[in-house]
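A.B. asks: I have a structure here, written as C-alpha cells, and I will follow up with some questions on it.
The values are calculated or read from the model by the stated rules, or taken from the named source; none is laboratory data. Remember, it's a predicted structure, so these values are computed and weren't measured experimentally. Quick reminder, even Gly has a Cβ in these numbers, built from the backbone with ideal geometry, and neighbours come from all protein chains shown. Side chains are part of the model used for accessible areas, which takes the heavy atoms of the whole protein and leaves out ligands, DNA and RNA. Shrake-Rupley method; radii C 1.70, N 1.55, O 1.52, S 1.80 Å.
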Amino acid sequence: MISLLTYAAIILGIVAIARLLKVYELSATLKGNEQEDAVSYSDNKFNARLMMVFLFAFFAFCIYLVISYKDNLLPEAASEHGVEIDSLFNFNLLIIGIVFIAVNILLFYFAYKYYSRKGLKATYFAHSTKLEMIWTVVPAVFLAVIIIYGLAVWNKITSPIDSNKAVVMELFAEQFKWTARYGGADNVLGETNYKLTADMNPLAIDTTDKNAWDDKISNGEFHIPVNKVVLMYFRSKDVLHSAYMPHFRAQMNCVPGMRTEFHFTPTITTAEMKVKTNNPEFEYVLLCNKICGATHWNMQMKIVVDTEDDYKKWLAEQKTFKEKSMAQTAIENKVAINH
Amino acid sequence: MSSHSNTVDHATHAHDNHDHSHDHHEQSFWSKYIFSTDHKMISKQFLITAIFMGVVAMMLSIFFRLQLAWPGQSFSILEYFLGKKWAPNGVLDSNMYLALVTIHGTIMVFFVLTGGLSGTFSNLLIPLQIGARDMASGFLNMLSFWFFAVSSLIMFYSMFIETGPASAGWTIYPPLSALQEAIPGSGLGMTLWLVSMTLFVAGSLLGSINYIVTVLNLRTKGMTMTRLPLTIWAFFVTAILGVLSFPVLFAAVLLLIFDRSFGTSFYLSDIFISGQAMEQTGGSPVLFQHLFWFLGHPEVYIVLLPALGITSEVISTMSRKPIFGYRAMIGSILAIGFLSFIVWGHHMFITGMNPFLGSVFVFTTLLIAIPSAVKAFNYVTTLWKGNLKLSPAMLFAIGLVSTFVTGGVTGIILADSALDINVHDTYFVVAHFHIVMGASAIFGMFCGVYHWFPRMFGRMMNNKLGYAHFWITFIAVYGVFFPMHFIGLTGVPRRYYSNEAFALFENLQSINILITVFAIIGALAQGLFIFNFFYSMYRGKKSLQNPWESNTLEWTAPVEHLHGNWPGELPTVYRWPYDYSKPGKDVDFVPQTVPLSPGEEEH
Ligand code: HEM
Ligand SMILES: [Cu+2]
Ligand SMILES: [Cu+2]
C-alpha cells in the first residue's frame, strides 16, 4: 500500500512538473518576451553570479576539509625513505596546488566577468604564438624539476642493498591473512615450492633446504628493529595481494609464482610513535591493498617496531621452522597413536 | 516527415513511386527505429542505451555508498533490489559489495563513456559536421550498435545470476578473476563479463573503423583536415586509439578465457587454492596487467578526448569567440593520443617491475601533462574577453574545464613513482580518476546532449531545468570526490567493504557520510535531466534551424529526420569553423558555407 502510494506520488509529481513547464512556456510566449537569443539575459546574469558563488564556496569547502581532517591523515613517516617521500609530496602539492587554485580562479572569474549582455562584443583572438609558447615551456620546466626530483627519490628507494647488512624477512599472503618469516640465525630464507603446501607446512618451505630449518615464523604480528634496513620479500599463495604499510610509506604487490621485494629502514619505534601521536593505542599495521576476495577489507597484521634489544629478545622467543614442524609432528603422532 | 507520411499504404507507396526522391521513401517501424542504418537514428539508439546503463551504474554506486557510510546497517532498499541472498536483512554482503563496484566501474567506463559517448556523438556529428550523407558503411554502423546493445544486455543480465556478477574489479586481474574458488563472481559471472566485453570490443571496432574511413574519405568539398571542427579531430583520434588498443584487450581476454576454461597457464603460476596445488606453472599475472593497461590507459583518453572535443566546440560557439590556438589544440590531441600508448606502466609501479622501467614510465607520463596543460590554458583563454552565453551546455563545458584541471593535477602525484608507492590503490586514486575522467567525461556528455538536442529532436531542452541539473550535479561531484583525497591520504585502500577493521580509519565515518549524502543528492538530480530529456523530446519548444548561431555544417541541414542529411547538394566549405565575432562582419558568426569576401583572410 505504502509503495503504491509512493509510486502514485512520484507519477503525480512528474505530471505536475510537466504541467508547470508548459504553463511557464506559454506565459513566456504570451508576454512576448520569447527571446530570439537562446539564453536570456537574466539567465546569463544569474548563472554568471553563481560562478563566483561557486568559486568561493568550493575553496571554502576545501579549507574546511583541510582543517577538519588534517589530523586524521597519516602521521609523520616512520621510515628513512618515507621522510623523503613526504617532502617530495609536499613539493609537488605546492606546485599543483598553485595551478589548481590559479586556473580555477581564472576560469570562474572569466565565466562571471564576460557573461553576455548588451553592448558586449567578443574579441576575435584566435592565436598567439607567444602565449602558447609560454604555456608549453613553463609547465615543461616545472615538470622537468618534478621528474628529476621524483626520480632521484625513486632511485634511492629502489637501489639494491647488501642483504648481509639487512634483516631478511618474508611476508607471505593468502586469502585472508599474512604470515611473516625471518631468515633466522643465518639470515637466509629457505627455498620454497608451492607443491609442498600442507597443513603442517603452510608456507610451502622446502624441508630439504638446510637454510630453512632455522627460519622463524610468526603469525598475528611481526617485529622489526628500529634504524636497521629491513629487506622484505613477498610471496602469495593464491591470488594477488599487496602488502601496504602506510606509516612507512611502503607497498609492494604479492604475486603468485613470483617473489617481489622492498626494503626500508624504520626510524620510530612503536613506543615512540604512541607518544608522538598522543595515542596510547597506536599500532603500525600491514594491510592488503589489492582486491583479493570477500575479506580483502580485513586482511591485516600488526607491526611492532622495537629497539634492537627488544627485537632480538622477541625473535629469540619465536620457534624455528624445525622446532615448529617437530612440535607439529609430535602432536600429529600423538593424535595418531591415541586413535 | 513530408505530407505523404500519412498515406495508408506505406509499402506499395515506397516501391511504386520511383519518382520520389530517395530521401522521402517510407520506412517500416523496424527499419526506421530498430534496424536503422541512418547515423542519426543510430546515435539516438546509443544515447538511450547509455542513459539506461548510466542509471543502472549510478544506482549501484548508491548501494555501495550506503554500506560505506553506514556499515552493517540495514536498508530495505538494498534487500528490495538485491534480494535476500546478497543483502540478508538489508545488509550488503561483502562479495556483493565487490560485485557492485566491479559492475559499476565496468558500465561507467565502457558502456556509458566509451560506447555511449563516442557512439552517440561520433555517429551524430561526424557525417553532419564533415558534410557527408551518412557513415561510410551504414550496415557496419548498425552492426556496431547491435553488438553494443547485446553486450549491454549480457552485462546487465549477469547481475541476476545465482553466483553473482564478476567481482574482481573492473580491471579483472587474474588469478582472482580466473578462480571460482577465490570468489564466487569468478564463475559464470566472470564468463558473462568476458563474453559481454568480447562483443563490446567487436562493436567498438566496427564503429571506430567506420568513423576513421568516413572522416578520411567523405569530407565535403572544401573541408580540408585543417578546417575540421575540433569535435571531429577528437572523434577521429579517439577512433584510431580504439582500433589500436581494443584488440589488445581482446587478446588479454581471450588468453584469460583459455586459462579459465582450457587449463593453459598464461597468467597462472604456482597457485595453491582450496587445499590443492594447481598444475599451472610458468605464467605471470603481471603479463595480464601489461596487456590490460596497454588498452586501459588509451581507454581513459578514449573516454576523455570526445568530451574535450565537444567542449571545445561548445566553448567557442557560446563564447562567440574562435577557439584559442586551434592548431595547438589539434597538436595536443595528437600528442595525447600518441603518448597515451607509452605510459601504461604507471599503473604497475609496485608490481615488482624493474625500477628503471618504472623511471621510463614516469618520464613519459609526466610528458602527457604538457599537452593537457596546453588544452586547459587554451580553454581559459577562449573564455577571456568573450561574450558568454551561459546555456546549460556551456555550464557543463566550464564545469569540465574545472574538473579536468582539478583531477589532472593529482595525476602528477600518481605519475611520480616514488609517491605512488604510498597512494597506489587508495582512495586518492579513486578521487583522481573520478574527477579527471568520470566527471569530465560525463560533463562532456551532458554538454553534448544539451547542445545538440535540437539537432537530434528538433526541439529545445528546458533551460531552467538544465541549470538546476548542472549546479546540483557540479556541487555533488566535488562534494563526493574531493573529500576522497583525504580518505586516500589516511591510507584507506579502495575496494574495501568497510573501514571498521582498522583503528587507523576510525575517525572517517563522518566524512564517509558526507560523501554518501552528496552522492544521493547528485543521483536524484539526474532525475531532472531524465525528465527534461524525455519531456522535451515530445513537448519541448520547437527549435530554430540554428539555435546557437553556430558555424558548423550540422546546423545547415534541415531539422527533419531525413535520410541523406541535406535535401539537395552537399554544402561546400570555404572557411574554418571558428569565425565568431570576426572583425568587419555584421553578425557575430560566419558559417563555414559562406565564401570568403574579397580581401578577407582565412584566420
Ligand atoms: C554517481 C556517481 C558516482 C559515485 C558516487 C561513484 C562512487 C564510486 C566509489 C566510491 C568507488 C570505489 C569503491 C571502492 O573502491 O570500494 C567507485 C569505483 C569506480 N567508479 Fe565510480 N562513482 C560514480 C560515478 C562514476 C563515473 C561517472 C565513472 C566513470 C569513469 C566511474 C567509474 C568508476 C570506476 C572505473 C571505479 C573502479 C571500479 C573498481 O574498483 O573496479 N564512477 N565509484
Ligand atoms: Cu589480500
Ligand atoms: Cu594510465
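A.B. asks: For a quick check of your reading of the filter: which trypsin sites (Lys or Arg not before Pro) in the range B:429-487 sit in a DSSP loop and have no more than 13 other Cβ atoms within 10 Å?
C.D. replies: Here no loop site has a sparse enough neighbourhood.
A.B. asks: Just grab the label-to-label distance for A:Tyr64 and B:Ala468, each label 7 Å out from Cα along the Cβ direction, in nm (one decimal).
C.D. replies: Here the modelled spin labels are 2.3 nm apart.
A.B. asks: Of the peptides B:481-488, B:278-285, how do they stack up when ordered by the mean number of other Cβ atoms within 10 Å, highest first?
C.D. replies: B:481-488, B:278-285
A.B. asks: Using modelled backbone amide H atoms (1.01 Å from N, in-plane), which distant-in-sequence or interchain residues come within less than 5 Å of B:Phe589's amide H?
C.D. replies: Here the answer is B:Ser581, since their amide H atoms fall under 5 Å of that of B:Phe589.
A.B. asks: Along the range B:193-209, what does the Karplus equation 6.51 cos²θ - 1.76 cosθ + 1.60 (θ = phi - 60°) give for ³J(HN,Hα), rounded to whole Hz, x for Gly and Pro?
C.D. replies: Coupling constants for the range B:193-209: 4, 5, 5, 4, 5, 4, 5, 4, 4, 4, x, 5, 5, 4, x, 4, 4 Hz.
A.B. asks: Calculate the FRET efficiency for B:Val150 and B:Asn89 from the Cβ-Cβ distance with a Förster distance of 41 Å, rounded to the nearest 0.05.
C.D. replies: The calculated FRET efficiency here is 0.70.
A.B. asks: Skipping prolines and chain starts, which residues have an amide H placed within reach, meaning under 5 Å, of the one on A:Val285, given they are 5 or more residues away or on another chain?
C.D. replies: Under 5 Å from the amide H of A:Val285 lie the amide H atoms of A:His247, A:Ile303, each far enough along the sequence or on another chain.
A.B. asks: How high is the relative contact order of chain B, in percent, with contacts defined as C-alpha pairs under 8 Å that are six or more residues apart?
C.D. replies: Relative contact order of chain B: 15 percent.
A.B. asks: Can I ask one more? Kindly express, to the nearest 10 degrees and within the range 0 to 90, the angle between helix A:80-113's C-alpha long axis and the longest C-alpha principal axis of chain A.
C.D. replies: The angle comes out at about 10 degrees.
A.B. asks: Run lengths n ≥ 4 of DSSP H only: what is the helix-derived mean residue ellipticity at 222 nm for the protein assembly as shown, with -39500 (n - 2.57) per run over all residues, to the nearest 500?
C.D. replies: About -18500 deg cm²/dmol.
A.B. asks: Here is a further query. Where the accessible area of the protein assembly as shown is counted over protein heavy atoms with a 1.4 Å probe, how much of it, in %, is carbon and sulfur?
C.D. replies: Summing carbon and sulfur atoms, their accessible area is 65 percent of the total for the protein assembly as shown.
A.B. asks: Also, quick follow-up: How far is helix A:308-317 tilted, in degrees, relative to the longest principal axis of the Cα atoms in chain A, given as a value from 0 to 90 rounded to the nearest 10?
C.D. replies: For A:308-317 against chain A, the angle is about 60 degrees.
A.B. asks: Reachable lysines from A:Lys312, Cα under 17 Å, same-chain residues fewer than 8 places away excluded?
C.D. replies: Correct list for A:Lys312: A:Lys165, A:Lys216, A:Lys228.
A.B. asks: Ratio of Rg to Rh for the range B:454-524, alpha carbon only, Kirkwood?
C.D. replies: Ratio of gyration radius to Kirkwood radius: 1.21.
A.B. asks: Follow-up. Calculate one ³J(HN,Hα) per residue across the range A:55-68 by plugging θ = phi - 60° into the Karplus curve 6.51 cos²θ - 1.76 cosθ + 1.60, and present them in order as whole Hz with x for glycine and proline.
C.D. replies: Listing the rounded values in order: 3, 5, 4, 4, 5, 4, 4, 4, 5, 4, 5, 4, 5, 7 Hz.
A.B. asks: Based solely on C-alpha atoms, express the radius of gyration and the Dmax of the protein assembly as shown in angstrom.
C.D. replies: My reading of the Cα-based Rg and Dmax gives 30.0, 109 Å.
A.B. asks: How well do other chains shield peptide A:146-157, expressed as the mean number of their Cβ atoms within 10 Å of each residue Cβ?
C.D. replies: Mean number of neighbouring Cβ atoms from other chains: 6.
A.B. asks: Can you tell me the orientation of helix B:440-457 relative to chain B, as the angle in degrees between its alpha-carbon axis and the longest Cα principal axis, to the nearest 10?
C.D. replies: So the helix axis and the longest Cα principal axis differ by about 30 degrees.
A.B. asks: Along Cα→Cβ, 7 Å out, is where each label goes; now give me the distance between the ones at B:Glu560 and A:Ser159 in nm to one decimal.
C.D. replies: Simple spin-label model gives 7.7 nm for this pair.
A.B. asks: Right, next: Along Cα→Cβ, 7 Å out, is where each label goes; now give me the distance between the ones at B:Glu500 and A:Lys121 in nm to one decimal.
C.D. replies: Distance between label points: 6.7 nm.
A.B. asks: Could you pull out every one of the lysines with an alpha carbon less than 26 Å from that of B:Lys321, ignoring same-chain neighbours closer than 8 positions?
C.D. replies: Of all the lysines, those that pass the test against B:Lys321 - Cα under 26 Å, at least 8 places apart if same chain - are A:Lys45, A:Lys113, A:Lys118, A:Lys121, A:Lys130, B:Lys221, B:Lys375, B:Lys385, B:Lys389, B:Lys464, B:Lys582, B:Lys585.
A.B. asks: I've got another one for you. R0 = 51 Å: FRET efficiency of A:Asp309 with B:Phe356, Cβ-based, nearest 0.05?
C.D. replies: Given R0 = 51 Å and the Cβ-Cβ separation, E is 0.85.
A.B. asks: If R₀ is 30 angstrom, what is the calculated FRET efficiency for the pair A:Val275 and A:Lys113, using the beta carbon separation as r and rounding to 0.05?
C.D. replies: 0.05
A.B. asks: Can you list the HN-Hα couplings for the range B:72-80, worked out from phi with the Karplus curve (6.51, -1.76, 1.60; θ = phi - 60°), rounded to whole Hz and with x for Gly and Pro?
C.D. replies: The phi angles translate into x, 7, 8, 10, 5, 5, 5, 5, 4 Hz.
A.B. asks: Name the residues whose placed amide hydrogens come within less than 5 Å of the amide hydrogen of A:Ile224, ignoring near sequence neighbours (fewer than 5 apart) on the same chain.
C.D. replies: Sorted by chain and number, the residues that satisfy this are A:Val304, A:Val305, A:Asp306.
A.B. asks: Here is a further query. How many angstrom lie between the Cα centre of the range A:182-239 and the Cα centre of the range A:125-160?
C.D. replies: What the calculation gives is 43 Å, centre to centre.
A.B. asks: Sort largest first and round to whole Å: the equivalent ellipsoid semi-axes of chain B, each the square root of five times a Cα gyration tensor eigenvalue.
C.D. replies: 41, 27, 24
A.B. asks: Another question, if that's okay. Post the alpha-carbon centroid distance, the range B:254-274 to the range A:38-86, in whole angstrom.
C.D. replies: A separation of 45 Å, based on Cα centres.
A.B. asks: Next up: Net charge near A:Glu84: determine it from the other residues with C-beta under 11 Å of the C-beta of A:Glu84, scoring Lys and Arg +1 and Asp and Glu -1.
C.D. replies: That works out to 0.
A.B. asks: With every protein chain kept in place and ligands, DNA and RNA left out, what is the accessible area per residue of the protein assembly as shown? Probe 1.4 Å, answer in Å².
C.D. replies: With all protein chains present, the protein assembly as shown gives 38 Å² per residue.
A.B. asks: Once the whole set of protein chains is in place, how much accessible area is left on A:Asp214, using a 1.4 Å probe, in Å² to the nearest 10?
C.D. replies: 30 Å²
A.B. asks: Per residue of B:485-493, what is the mean number of Cβ atoms on other protein chains within 10 angstrom of that residue's Cβ?
C.D. replies: Taking the mean over all residues of the peptide, I get 6.
A.B. asks: What accessible area, summed over both chains, is buried at the A-B interface (1.4 Å probe, Å², nearest 100)?
C.D. replies: Its buried surface, counting both partners, is about 10700 Å².
A.B. asks: Ignore the peptide's own chain and count Cβ atoms of other chains within 10 Å of each Cβ in A:239-252; give me the average, rounded.
C.D. replies: Shielding by partners across A:239-252 averages 6.
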